[in-house]
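Step one of this worksheet: look at the structure below.
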Amino acid sequence: MITFWNDIFTKVGLSGVCLDLAVSATLSFILVILVILIGHLIDKLEQCQLRILSDTVGAKIAYFICNRLTFIGTIIHELSHALFVILTGAILRKVCLLQISSDGTLGHVEFALYGPKWKQCCQLSIISCAPVFVGLLLEYILIRTVLFHELGFGVELFLWYLIISILDHMSMSNVDIKNYLKGMIIVYPMIFIFTLFFQYFFIVN
């Protein structure tokens with residue numbers, strides 16, 4: 001990806017520091033948008049899946065399949081929020097990993113933002129997108145394990161169950177996306193500096 005954008009900006013006449021800055025700015029923007037797209041797409045797919053199953057087997061069975069059968073995905077989703085609450089320095093009030101609620105809520109994390117305004121914006125943004133980042137990391141590890149290791153049938157079947165369950169709950173609601181964007185004025189420069197540092201020290205031009 002870095003090489004691709006290096007080639008693109010080199011063709012338009014950029015070089016040296018200007019080239020590095022342009023590549024980092026572009027990669028940072030892509031990463032920010034990619035998180036939204038993944039979280040929003042999975043949220044819509046989850047709703048579509050629930051609707052199709054409801055029309056096919058009924059609402060109760062559909063709800064059980066989409067939410068109860070994949071409960072591990074819900075647990076990981078909420079633990080992701082909780083982990084990033086702690087890592088960002090916010091105050092963790094309560095963690096409910098799984099619940100039966102009439103309003104469709106599967107779990108929730110209660111927290112309080114802490115520190116100056118800029119830090120609170122950063123905390124809110126990072127906490128909101130936590131399930132996407134943690135989910136992508138776990139999906140990568142699990143899929144590589146299934147594809148590149150010889151496993152017994154039972155183990156492989158369980159890992160595919162985990163993959164589907166985590167994927168099914170790697171979503172970002174509209175509220176999550178709004179909270180995520182609130183902190184971008186702080187988070188985007190941090191991502192930019194990281195990508196600049198990474199390509200400067202680890203990528204050979």
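For the structure I just gave you, tell me whether SER102 is open to solvent by 70 Å² or more (accessible area, probe 1.4 Å), among the hydroxyl-bearing types (Ser, Thr, Tyr) and modelled with pLDDT under 90. Judged against the criteria, SER102 is a match. Residues that are among the aromatic types (Phe, Trp, Tyr) and open to solvent by less than 40 Å² (accessible area, probe 1.4 Å): find the helices (runs of 4 or more DSSP H) completely inside segment 142-205 holding 1 or more of those. So the answer is 174-182. Among the residues of segment 66-82, the ones that are of a type in the set (A, V, I, L, M) and open to solvent by less than 60 Å² (accessible area, probe 1.4 Å) come to 4 in all.
Here is a yes/no grid of residues against (1) farther than 30 Å from ASP7 by Cα; (2) among the small types (Gly, Ala, Ser):
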position: ILE127; (1), (2): yes, no
position: LEU142; (1), (2): yes, no
position: PHE148; (1), (2): yes, no
position: GLU156; (1), (2): yes, no
position: SER171; (1), (2): yes, yes
position: LYS182; (1), (2): yes, no
position: PHE197; (1), (2): no, no
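Condition check ((1) under 23 Å from the mean Cα position of the chain (by Cα); (2) among the charged types (D, E, K, R)) across all residues:
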| site | (1), (2) |
| --- | --- |
| MET1 | yes, no |
| LYS11 | no, yes |
| GLY16 | no, no |
| ASP20 | no, yes |
| LEU31 | yes, no |
| LYS60 | no, yes |
| ARG68 | yes, yes |
| ILE75 | yes, no |
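Out of ILE61, ILE42, ILE127, one residue alone is under 24 Å from TYR161 (Cα atoms), touching a residue at least 24 places away in the same chain (Cβ under 8 Å) and touching a Ser or Thr at 6+ places or on another chain (Cβ under 9 Å). It is ILE42. Taking every residue in segment 158-175 that is under 17 Å from PHE133 (Cβ atoms) and without any contact (Cβ under 8 Å) to a residue 60 or more places away in the chain and pairing it with any residue that is part of a helix (DSSP H, G or I) and open to solvent by 30 Å² or more (accessible area, probe 1.4 Å), at least 6 positions away or on another chain, the pairs with Cβ-Cβ distances below 8 Å are ILE163/ILE143. Quick check on segment 23-38. Is at least one of its residues in a helix (DSSP H, G or I), open to solvent by less than 60 Å² (accessible area, probe 1.4 Å) and either without any contact (Cβ under 8 Å) to a residue 60 or more places away in the chain or farther than 23 Å from MET190 by Cβ (or both)? Scanning segment 23-38, I find at least one residue that is in a helix (DSSP H, G or I), open to solvent by less than 60 Å² (accessible area, probe 1.4 Å) and either without any contact (Cβ under 8 Å) to a residue 60 or more places away in the chain or farther than 23 Å from MET190 by Cβ (or both), so the answer is yes.
In segment 1-22, the qualifying residues are those that are assigned to a loop (DSSP other than H, G, I, E, B) and of a type in the set (A, V, I, L, M, F, W, C), and the one that is most open to solvent (accessible area, probe 1.4 Å) is MET1. Considering HIS81, HIS77, the condition of being within 19 Å of TYR161 (Cβ to Cβ), in contact with a helix residue (DSSP H, G or I) (Cβ under 6 Å, 6 or more places away or on another chain), in a helix (DSSP H, G or I) and in contact (Cβ under 8 Å) with a residue 40 or more places away in the chain is satisfied by HIS77 alone.
The values are calculated or read from the model by the stated rules, or taken from the named source; none is laboratory data. Note that the structure is predicted; figures quoted are calculated from it, not measured. Ideal geometry is used to build each Cβ from the backbone, glycine not excepted, and the neighbour counts take in all protein chains shown. Keep in mind that these areas ignore ligands, DNA and RNA; they rest on the heavy atoms of the full protein, side chains included. Shrake-Rupley method; radii C 1.70, N 1.55, O 1.52, S 1.80 Å.
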